[in-house]
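As structure tokens, the structure follows; a few thoughts come after it.
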Amino acid sequence: MKTKKVPLRKCVACQEMMPKKQLIRIVKTPEDEVLIDLTGKKSGRGAYLCGKESCFKLALKNRSLDRALKGKVSPEIYEQLAADFIKVEDAFKAAQEREDDE
């Protein structure tokens, strides 16, 4: 039986290649709204981050989201993403653990 190919993506902060399901997607929608997309299905330009707060801080410091999303991300949006990232981090880790159990 043929094994299923696992899609890999690169974290924009630490540059580590990981399976897509282990990363959090940040999306810039066609309406220029930047938000966290846990489903991975929202339309727009996407960038991936590890589920660690240290990677988010590194992306903020290096402005790597600006490059990945091909546009300037304002400081207000970074603040909102930081707040959302902390909320989402626990849910993301729980979902990963459930997936590892299966």
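The values are calculated or read from the model by the stated rules, or taken from the named source; none is laboratory data. Everything quoted here is computed from the prediction, not taken from an experiment. Note that we place each Cβ from the backbone using ideal geometry, even for glycine, and neighbour counts take in every protein chain shown. With ligands, DNA and RNA removed, areas are computed over all heavy atoms of the protein, side chains included. Shrake-Rupley method; radii C 1.70, N 1.55, O 1.52, S 1.80 Å.
Quick notes
- For the chain: relative contact order, % (alpha-carbon pairs under 8 angstrom, 6 or more apart): 24
- The share of accessible area on the chain that comes from carbon and sulfur is 52 percent, using a 1.4 angstrom probe.
- The chain: antiparallel DSSP beta bridges as a percent of all, rounded to 5: 95
- Per residue, the accessible area of the chain comes to 68 Å² when a 1.4 Å probe rolls over the protein heavy atoms.
- Mean-position separation - Cα centroids, segment 1-15 and segment 54-102, in angstrom: 18
- Accessible surface comparison of Asp32, Asp37, probe 1.4 Å, protein chains only, largest first: the order is Asp32, Asp37.
- Accessible-area value, Thr29, 1.4 Å probe, nucleic acids and ligands omitted, Å²: 20
- Compactness of the chain, expressed as Rg and Dmax over alpha-carbon positions, Å: 13.8, 50
- All lysines inside 28 Å of Lys72 as judged from Cα atoms, apart from same-chain residues fewer than 8 positions distant: Lys10, Lys20, Lys21, Lys28, Lys41, Lys42, Lys52, Lys57, Lys61, Lys87
- Where labels lie 7 Å past Cα in the beta-carbon direction, separation of Arg98 and Lys72 in nm: 4.0
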